Structures are given as C-alpha cells and as structure tokens.
Amino acid sequence: MTTTLHATDVHPAWLPDAAFEPVARRGAVLVVPDGAARAGVDTDEVLDALGAEIDALGPYDGEPALLLELSGGGPVEGEESFRLRRERGRLTVTAGSSRGLLHGFFHVVRLGDAAFTGPDADESHAPAAALRMLDHWDNVDVHPVMGQVERGYAGGSIFYADGRVREDLSRVRAYARLLAAVGIDRVAINNVNVHAREARLLTDDLGEVARIAAAFRPYGVRVHLSVSFAAPMTVGGLETSDPLDEDVRAWWRAAADRVWEAIPDFGGFVVKADSEGQPGPFAYGRDHADGANMLAEAVAPHGGLVHWRAFVYDHTQDWRDRSTDRARAAYDHFAPLDGRFAAEVVLQVKHGPLDFQVREPVSPVLAAMPATRLALELQVTQEYTGQQKHAVYLGTAWSEVLRWRPWGDAGASVADVVAGAGGFAAVSNVGDDRFWTGHPLAQANLYAYGRLAWDPALDPVDILDEWIDLTFPGAPDALRAGLHLILDDSWRTYELYTAPLGVGFMVRPGHHYGPDVDGYEYTPWGTYHFADRDGVGVDRTRATGTGYTGQYPEPWRDVYESLETCPDELLLFFHHVPYTHVLHSGTTVIQHVYDSRFEGVERVERMVRTWESVADLVPVDVAVRVRERLAEQLRSATEWRDQVSTYFLRKSGIPDEHGRTIY
Ligand code: GCU
C-alpha cells in the first residue's frame, strides 16, 4: 500500500517524505475505540488511508507523541471538524469521523515540529465551507484544438489516456492524497464542455468512473461528473431535453440512479448550460431554475448536488452594438431567479463578471442571491495569467476577492457569502507533467486554493511560507527570501505588463497567450476595450454607459460610478476616459500605461536574477525547469510591454515623458 502512496516518478509537491519526519520521529498512533461511530463504508476506507499513513511513518518503539482518536460519539460539529489538544508536547487529535481525523493528521504534518513544541492548547478546527471542489477540464480524447486538457498547461490528463480511463490510477491516488492534505474534498473529472466521448462517462463508462472514484475515496475526496444538458437526446435517444418534459425528467432520474448504484458516495453533476455553444433550457423557452431543478430532483434521493454554472452570456454579440454588455449577463440571467433553486443546486459563480482576467471587479451575482446556495469559482489553471510559463502566485488575488465586502465595511465579505453550505470550485492546474503543474512554482497556487477554501481568512503570504516549508523541507533563509521575492507580488507584476487598469483581455485569440491588443476588438465575444485616438475603456456607468454599476449594492454602485472614487486598478473596466485623465496616483492614463509596462519587465528581470541567486538551493530538476520558464516569462513580458506601449503611443500620439524606446 505504501509504495503507491509515494509515487517516485513524479514530484512529491508538498508531501515529500521529509515533511512527515517531525511526526515520524515522535511516533503516531491511530486509536479507534470499540464501538466508535462509523458514518458508512467510505468512512472505513478513509480510516484505512489514515492507517496506511501511520504505517508509512515506520515502526516506533517509544510512547507516541501523536494520538489520532476517532471519538465514539459520532460527528459532533460536522463530518470534517477535528479537535487538537497539546499537553506537554503530546498531541491528541479527536474527530467524530475519519474524514475529520484525516484533516487533523495533515494539519499536524503541516505544522511540523511546531505542532509539538508550542504551549499547551485545546483548539477546534472546521472548514469555513462545506464544498471545496476542483474542476478538471479534461477530455477523454485529445481535442483537435484544445488538446486533452482544455486550458491545461501541464501535459495530458491524469485520468485518461488512449481514449479511455487509465489502467494505472496510482497517480490519481497520489493526487487524492495531495488534495486531502490541503482540505479539498471534491473533484469533477471531465470538461464542462462535454463532447460526445465524455458524455458516455455517464452511461457506458460508469464502471470506469467508479474506478476513479475508488482511487479518490481513501482520501475522502468525492467524484463529480460534468454532464451535457442535451444528454437525454445525445446518449438517451429522446427527441427533446426539455426540462419540463416528463420523459426527460424520468431519464435523468434513471441516469442518477445508475450512477449512485455504481458509486454510492458520488458527489453530483456540474453543468455548463446555454453557454458558449453548450445546450441548455433556453432552447425550450425554460429558464435556468427549471433546468437546474430538474437535475436536483434526480440527485436528491441520493444526497447529491448539482453545480450549475452562472457563466451564461451571448458569445455571438455584434461588436458594433455598444449597449450589450457581457459583464451584465450573469446577473441579468440569474439574480431574478433567487429563491427558485432547489436545495441541491449550487450556483457556481466566476469571481469576476467576465472571465478570470488578472483584474476584474468581484461579480455582483455574489451579492444578489441571498436565497441561493453559492459557490465562488476560481481558476487555478493560469489561462489568462501566464499559462504556467509565468510565475504568478494567485493566492493574493483570491484573498482580495474573499475579503471584499459587497455591502461596505460593516457588511459581510465574499467569504461570508459562500461559507456554510456553499463553498468553492476552481479549475485545476494539474496534468500528467512530472511537476503536476508544469511550472514547479505553480504548485503554490493549487496549495493556496485548498488552504483558502478551508480558511479564507488565512494570509496568502503565510500560506506561501507553509508551502515552502513543506515543499522545500529545511529551506535555508536565502531560499525562503528568494521565493517570497519572486512570488509574493507576482500577480501584481503580471498585471503591470499586461492589459492596463482593469480593461482585460488584449490576449491572442484562441489560445489566450501573449499580447494582441485588438485581438478580440472586432469579434463576437463581447470583450472590448474601445481604444481610439482620444481615449480607452468601457463605459459601464448608469449615467452614460451600460448601467452595469447598478448591479452592485451601496456603496459600490456609487464608488464605481464616479470617476472621483473608482479605484485606479479598475478605472478602464468602468469608464471610458481620455489618455490625459489623471489617476489617483497622480499620473495620466497614458503615462501609467508606459510606466507600468516598463516596471513590469524590470520586476521580471529581478525575478530572473533572484532565481539565479537561489537555484543552487533547490533540487536540480526544479532549478532547471524554473529557469527555463522564467526565461520565457521575460521574453513574453517584454513583448507585452512593447506591443501595448507601441499600440497606445500610435493611438494617442502622446510620447513617454521619460523618453524610453517605444516602437
Ligand atoms: C473560458 C475558457 C473556455 C472555458 C470557459 C468556461 O472562456 O476560455 O475554455 O470553456 O471559460 O469557463 O466554461
């Protein structure tokens, strides 16, 4: 058992053997009192995983300093909570379920020596939100345009090869262990764009999906499937997918019955409907509550969930039409449906109103649906943030979203909104690459996602310290300092050299890597910057623009509406302004465009130098891979700087006041 736990041909990420040393040295023991409550078969498997973890620490003769105790009383405060007591250097972790115990065990591993050396303590731990999911945009087959993993930058899928589920799933089990160690509890295993081949996962391939579920189960991670709204027609042979049609409803009920029969702890379905060509209820004149509730009815008897995505907009917009605003779409479609969704429906809302840009305001949908179970959707895979060629630590960006207060300082935060029965979903950045994530430093993003979903109040820079301690055990101060220098501010660095002041996109169409300022300007996708010789930006005000600012509650609807109060970093998201408009920072928009692009590249040059000064302190394979990626980041950042600066010099005719070379 232990050999599959420590897959040797892949990078151990945050679970190298050395991370377990502080626990192994002191010994750990698992205590399952006779008659202890067991919450079902899957719980026993988690207990087995925990047993294997303890066994893998090796034999210990003395008095163990870590006691992992399944309490007899059953889950007290929720299945995943645990209690940690420290008395004179001896730790007791107690939980009412083996899932809670597993979280407690990895909590101790994460703390390392510090877990044992602190003062006496008695603490309770529980996740902030029930749902902490990763979505894999993996295809079974290799898609001719998107490849095997849509927006994947770390090789092929860890689940599928040669047109089927992989024979050897030991890597999936190792992945489950990594996820459990950061508190992730659900994984959707196929792309939200469901092609014909993936649609069959729900029918012909259930046995294979069950094998994947079995690989995740010991670590307490549940499997979900993305399904197509048209499945009753495409795989069921019906004439319609109308959610109010009784045959269609019966088909979904039977489909759900079959899934749960094969996989009793199956999590549920993820649905992208009426979005970017995916089928949905609009074709039948029904709304998204009709669609989602039909699926809710099918999963309800099994305790399952329907993750219904709010990413619905018109992707065939006429660029000449300045009144339609893609940013408005999710709110316009979903806010009126608040209160109509069944209890099993989780509305999954992207963090911004557009599409995972480096900077967007927080989606107003999150503040508009108090009677709906909401999940915040983040993108760990770096589609628009450097595609795992650029070192961009996203923990800081996500933390900003989580701390943002839609109703002003005295009101709830986004983290509060999704806490409790709702939660988090994020697009995974993992593939079959040796480092899991292509860029070794992109592992920090996966780590941070899990940790923030468990506890959104964590400081993202502290999370980096945890990740450094685990991934580079015994890291010397110089390495720690170097990694912080490279990563802490890397999200802002990326923002500095790409699309300015929140305007977004300017990426190459299709693959979305590298600059193309007008790449999307005259397309149907609804992502425009409207630059002309006088100015740039999108007027989303109520006074003269698309009215999007009106989707926010007070105070933000007015803060964003007014040029006086709109934050600089979102200026061009909300306003169309002349190039000579003076920012709160005191500089003009055009000069900011030049200054920030040059500063961005200088910062990347500094990242390269910093890496060279610490590369000797990490294993050579990591050193080489990061060096290679940083060289590409510098090339790409320079290209961004030159294209964006040149574009705006040509449009505006206003030279750089520092006289730097702009082409
Ligand atoms: C982005 C991405 C697509 C993806 C979509 C989604 O638009 O480019 O590849 O399918 O998001 O979230 O569904």
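The values are calculated or read from the model by the stated rules, or taken from the named source; none is laboratory data. In this text the structure is predicted, and so the values were computed from the model without any measurement. Cβ atoms come from the backbone with ideal geometry, glycine included; neighbour counts cover every protein chain shown. In case anyone asks, the SASA skips ligands and DNA or RNA and just uses the protein heavy atoms, side chains included. Shrake-Rupley method; radii C 1.70, N 1.55, O 1.52, S 1.80 Å.
Compute the semi-axes of the equivalent ellipsoid of the stretch 471-539, taking the square root of 5 times each eigenvalue of the Cα gyration tensor, and list them largest first in whole Å. Spell out each step's value before the answer.
Numbers: eigenvalues 267, 38, 13 Å².
Taking √(5λ) for each eigenvalue gives 37, 14, 8 Å, largest first.
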Just to confirm my numbers, what's the Cα centroid distance between the stretch 611-663 and the stretch 351-411 in Å? 26
Using +1 at the C-beta of Lys and Arg and -1 at the C-beta of Asp and Glu, which of Leu376, Val618, Met233 has the Cα lying farthest in the positive direction of the dipole of the chain? Val618
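When the chain is fully extended, how far beyond the present Cα-Cα distance does Phe282 get from Val29, taking 0.36 nm per residue of separation? Please report the intermediate quantities before stating the final value.
Numbers: separation 253, 0.36 × 253 = 91.08 nm, distance 5.62 nm.
Stretched fully, the Phe282-Val29 segment lengthens by 85.5 nm.
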Using 0.36 nm times the number of residues separating Ala114 and Arg322, minus their current alpha carbon distance, what extension gain do you get? 69.1 nm
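If you place +1 on the Cβ of every Lys and Arg and -1 on the Cβ of every Asp and Glu, how big does the dipole about the Cα centre of the stretch 462-538 come out, in debye to the nearest 20? Don't jump to the answer; show the numbers that get you there.
Details: 4 positive and 13 negative charges, 56 e Å.
Value, rounded to 20: 260 debye.
Cβ under 12 Å from Ala210's Cβ, Ala210 left aside: what net charge do those residues give with Lys, Arg +1 and Asp, Glu -1?
-1
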For Lys389, go through the lysines and keep the ones whose alpha-carbon is under 27 Å away, minus same-chain ones fewer than eight residues off. Lys350
Ignoring ligands, DNA and RNA, what percent of the 1.4 Å accessible area of the chain is carbon and sulfur? 51
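When you count, for each residue, the other Cβ atoms within 10 Å and take the mean per peptide, how do 517-530, 399-412, 480-493 rank with the highest first?
On the way: 517-530: 17.6, 399-412: 15.3, 480-493: 20.5.
Going by the mean number of other Cβ atoms within 10 Å, highest first, we get 480-493, 517-530, 399-412.
Net charge around Glu63, counting only other residues with Cβ within less than 11 Å of its Cβ (Lys, Arg = +1; Asp, Glu = -1)?
On the way: positive: Arg26, Arg90; negative: Asp61.
Local charge sum for Glu63: +1.
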With every protein chain in place, the accessible area of Lys389 for a 1.4 Å probe, in Å² rounded to the nearest 10, comes to 70
The chain - charge dipole about Cα centre, Lys and Arg +1 at Cβ, Asp and Glu -1, debye rounded to 20: 480
Work out the charge dipole of the chain with +1 on the Cβ of Lys and Arg and -1 on the Cβ of Asp and Glu about the Cα centre, then indicate which of Ser170, His512, Ala210 is farthest towards its positive end. His512
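Compute the normalised compactness of the stretch 130-471: alpha-carbon radius of gyration over 2.2 N^0.38 Å, N being the residue count. Could you put the intermediate results ahead of the total?
Values: Rg = 19.0 Å, N = 342, 2.2 N^0.38 = 20.2 Å.
Against the compact-globule rule of thumb, the ratio is 0.94.
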Before rounding to the nearest 500, sum -39500 (n - 2.57) across all DSSP H runs of length at least 4 in the chain and divide by the residue total; then give [θ] at 222 nm in deg cm²/dmol. -11000 deg cm²/dmol
The local net charge around Val142, scoring Lys/Arg +1 and Asp/Glu -1 for residues other than Val142 whose Cβ lies under 13 Å from its Cβ, equals -4
Roughly how many whole Å is it from the C-alpha centroid of the stretch 8-28 to that of the stretch 160-182? 19
So what is the accessible area of the chain per residue, in Å², with the probe set to 1.4 Å? 36
Dividing the alpha-carbon radius of gyration of the stretch 365-433 by 2.2 N^0.38 Å, where N counts its residues, gives 1.29
Label the chain by shape, choosing from rounded, prolate and oblate, from the square roots a ≥ b ≥ c of the eigenvalues of the Cα gyration tensor; if a/c is under 1.5 it is rounded, and otherwise prolate applies when a/b is larger than b/c, oblate when it is not. oblate
Go through Val248, Tyr331, Val503 and say which Cα lies farthest out towards the positive end of the charge dipole of the chain; charges sit on Cβ, +1 for Lys and Arg, -1 for Asp and Glu. Val503
